[in-house]
Amino acid sequence: MSLAVCTLYGVAALINSLHKNGFKGNIYAGYKGGLPKWALAAKENPSFPWPGVKSIDTLEGIQIHFLPIESSFHLTNYKPDFMLKLWDGPAKDAVAIAYFDPDIVVKCKWEFYSDWMSYGVALVHEINSNDMPVSHPLRKEWEKVINLTNRRTTHQLSSYLSGGFCGVHIRYIEFLHTWKEIFETGIKHFKLTHDQWNHDYDRTYIFYRQDQDAFNIAAMCCESPLSEIGPEGMDFIHGGWTMSHAAGSPKPWKNHYLLSALNGKPPSLADKGYWSNVNLLIKSYHPIKVSLKQISILISSFISRFYSRK
């Protein structure tokens, strides 16, 4: 069964974690600008059905394809379009495609993801607004968007979903079309800006979190079944075993862990997951730097046992 993974830009830790957990197949990384240093060995692939693509064959059953994105869309807002274009082109034979944000690492066997996507659109709850009942006023506002698309609410959701991961079986590709249509409705009727992520609105704005709000609205009104995991699914709380998502800031590659610990902020599960995956199949840092980061995380974790603002 052909399964594919896609992401947008930097992917070394994600790829390493996928390889460690048994993934074999094609990984499609959309990007704008230049490639990271470790990917400079990628070679042009003129036979590939995507202009300008460069590819790496790791010889470990994984093929990595770097796909330049020629679009005015901010990459964050481009996710449904990217997945649909993959299915129309290079991933046309894939049974399922899993999208991961590039700051995610996978923690469990890939076989689990394969099964998960067969049950419905695979989704994970956010930590913010995780408790978001059917009667929440924002959901009532989102129903206005649904009505504009001549759809109806099909799923009575009670949690807010993270747009950092989305696993879609070909049977449920309708979800991606719905997500794309909702975003386009936001552009047309609600001043949603497709080419940027930041804006000056507050949370009362119907598309405050842009692609992620569109993602949640699509989950409310799509015809496809859904399969949800709570916020532990991204290590937003303890008890997770599927993936770690370094959401928020500072990102693991920018974090000065000892300073953060002295300011009362301990290393997160995602910080630890990132630095344990950066130099496996793909070597993205000098080994000394990785060792120093891992030591600083250990020391910072020890400090945080006695001093933490959490």
What does DSSP give for the chain in terms of the percent of beta bridges that are antiparallel, rounded to the nearest 5?
45 percent
Within the range 171-271, DSSP-loop trypsin sites (Lys or Arg not before Pro) with at most 11 other C-beta atoms within 10 Å are Arg203, Lys254
Among residues other than Gln212 whose Cβ falls under 10 Å from its Cβ, what is the net charge (Lys/Arg +1, Asp/Glu -1)?
-1
Using a 10 Å cut-off around each Cβ, can you sort Asp213, Asp57, Asp101, Asp131 from fewest to most neighbouring Cβ atoms?
Asp131, Asp57, Asp101, Asp213
Using only the Cα atoms of the range 15-107, what semi-axes does the equivalent ellipsoid have when each is the square root of 5 times a gyration tensor eigenvalue? Give whole Å, largest first.
19, 16, 15
Please get the size of the charge dipole for the chain, origin at its Cα centre, with Cβ charges of +1 on Lys and Arg and -1 on Asp and Glu, quoted in debye to the nearest 20.
880 debye
Which lysines have a Cα less than 18 Å from the Cα of Lys32, not counting those fewer than 8 places away in the same chain?
Lys43, Lys54, Lys79, Lys85
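Just to confirm a number: summing +1 for Lys and Arg and -1 for Asp and Glu over residues other than Ile297 whose beta-carbon lies under 10 angstrom from that of Ile297, what do you get?
+1
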Here are a few candidate values for semi-axes √(5λ) of the Cα gyration tensor in Å: (1) 30, 26, 18; (2) 86, 29, 15; (3) 31, 23, 20. Which one was actually calculated from the structure I just gave you?
(1)
Reachable lysines from Lys251, Cα under 17 Å, same-chain residues fewer than 8 places away excluded?
Lys265, Lys272, Lys289, Lys293
Just report the Cα centroid separation between the range 57-108 and the range 127-197, whole Å.
21 Å
Hand me the chymotrypsin sites (Phe, Trp or Tyr not before Pro) from the range 238-310 located in a DSSP loop with no more than 14 other Cβ atoms within 10 Å, in residue order please.
Trp241, Phe306, Tyr307
With just the Cα atoms defining each centre, how far is the range 210-235 from the range 1-37? Give it in Å.
22 Å
Can you tell me the Rg and Dmax of the range 248-304, counting just the alpha carbons, in angstroms?
11.0, 34
Toy charge model, Lys and Arg Cβ at +1, Asp and Glu Cβ at -1: the range 1-141 dipole around Cα centroid in debye, rounded to 20, equals 180 debye
Among beta bridges that DSSP assigns inside the range 10-126, antiparallel share in %, nearest 5:
45 percent
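Throughout, read-outs are computed from the coordinates displayed, never taken from laboratory work. Keep in mind the model is a prediction, meaning the values are calculated, not measured. Neighbour counts are summed over all protein chains in view; Cβ atoms, including those assigned to glycine, are modelled from backbone coordinates with ideal geometry.
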